[in-house]
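Following: one structure in structure tokens, then a few remarks.
The values are calculated or read from the model by the stated rules, or taken from the named source; none is laboratory data. In this text, all values refer to a predicted model and were calculated from it rather than measured experimentally. Cβ: placed from backbone, ideal geometry, glycine included. Neighbour counts: every protein chain shown. To get the accessible areas, we keep the full protein, side chains included, count just its heavy atoms, and leave off ligands, DNA and RNA. Shrake-Rupley method; radii C 1.70, N 1.55, O 1.52, S 1.80 Å.
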Amino acid sequence: MTEQARSGFVTFVGRPNVGKSTLTNALVGEKIAIISDKPQTTRRAIRGIVNRPEGQLVIVDTPGIHKPRTLLGERLNDLVEQVLGDVDVIGFCVPATEKVGPGDRRIAASLDGYPRAKKIAIVTKTDAASRDEITERLMEVDSLREDWAAVIPLSALTRDQLEVLSDEVLALMPTGPALYPEGITTDETEEDRIAEIIREAALDGVRDELPHSIAVVVDDIAPREGSDLTDVHASIVVERDSQKAIIIGHKGSRLRDVGAKARGEIEGLLGTRVFLGLHVKVAKEWQRDPKQLGRLGF
């Protein structure tokens, strides 16, 4: 890093599903946050680290801000508030493909509560929008606040304007040494990343309230003696017996698909062949139960 290196924390806020996790992964250069078209996919503050010659960005990927319907929802919103109070820069995200609505206005106005952080506006998903839509969105977003340090349209998928965003955010950071050693891309544990990979596979193709009801706990990770295999055992937790039946599928077909999908990614993460044992458990109404939430790490 250079003499006048900068480093600090940035988080991206916005409604659920505006592309915050996709943007985090694109900036970090590897997948550290799972992606799904289901709202509230992100449930923890996941840190991604971006090393540049001019300094280091620590991106805190947070859940989308929403009206909570459960105790889990309340805790996720509390987590976002806590993160917002601690970061140096807040990036407010709006997709180019959707008009700015009341939810966006409410979140933009709520940023008044974090005077310490510098604020930038980001119009995401420009690859999926027309030039007119992007222009319209930039004007709508620009008018939401008077204190934007920058307004940037970008696409995390095509990487268009990502460098511009990195440069802008880094320029707003305080001067100081790196917060993490070089070469580290996240402070997530292997166990947490494996649990999230399995949850991402389990979310694929489920609808209605089921996505919100799925949690994953890794029970054990151990190298198998006399073999190049790693044994991974994990539990997929749902709230009702009917949901358990959906996750398992006809004669176990859906659970096998989840296992096959997750295993490839876990092998890439661990660098070994993996035996993945999955069990489905029911923890009644865990999203509303303080004890169960505690057990599941919320």
Subject >> the range 167-184: number of residues that are aliphatic (A, V, I, L, M) and at pLDDT 95 or above >> reply: 5
**OP:** Could you list, in sequence order, all residues of the range 53-72 that are open to solvent by less than 10 Å² (accessible area, probe 1.4 Å) and at pLDDT below 75?
**Re:** PRO63, GLY64
Original post:
strands (runs of 3 or more DSSP E) wholly in the range 204-297 with at least 2 residues that are of a type in the set (D, E, K, R) - which ones?
Top reply: 215-223, 273-282
**OP:** Return only the number of the condition from (1) open to solvent by less than 10 Å² (accessible area, probe 1.4 Å); (2) among the hydroxyl-bearing types (Ser, Thr, Tyr); (3) over 30 Å from THR189 (Cβ atoms) that THR124 does not satisfy.
**Re:** (3)
**OP:** Go through the residues of the range 276-283 one by one and say whether even a single one is at pLDDT below 95, of a type in the set (Gly, Ala, Ser) and surrounded by 14 or more Cβ atoms within 10 Å (Cβ to Cβ).
**Re:** yes
Subject >> Selected residue [within 20 Å of the chain's Cα centre (by Cα) and of a type in the set (S, T, N, Q)] from THR230, THR175, THR158 >> reply: THR158
Original post:
Quick one: what pairs do we get from the range 271-288, first residue more than 19 Å from LEU71 (Cβ to Cβ), second part of a strand (DSSP E or B) and small (Gly, Ala, Ser), C-beta under 9 Å, 6+ apart or different chains?
Top reply: LEU276/ALA234; GLY277/ALA234; LEU278/ALA234; LEU278/SER235; HIS279/ALA234; HIS279/SER235; VAL280/SER235; LYS281/SER235
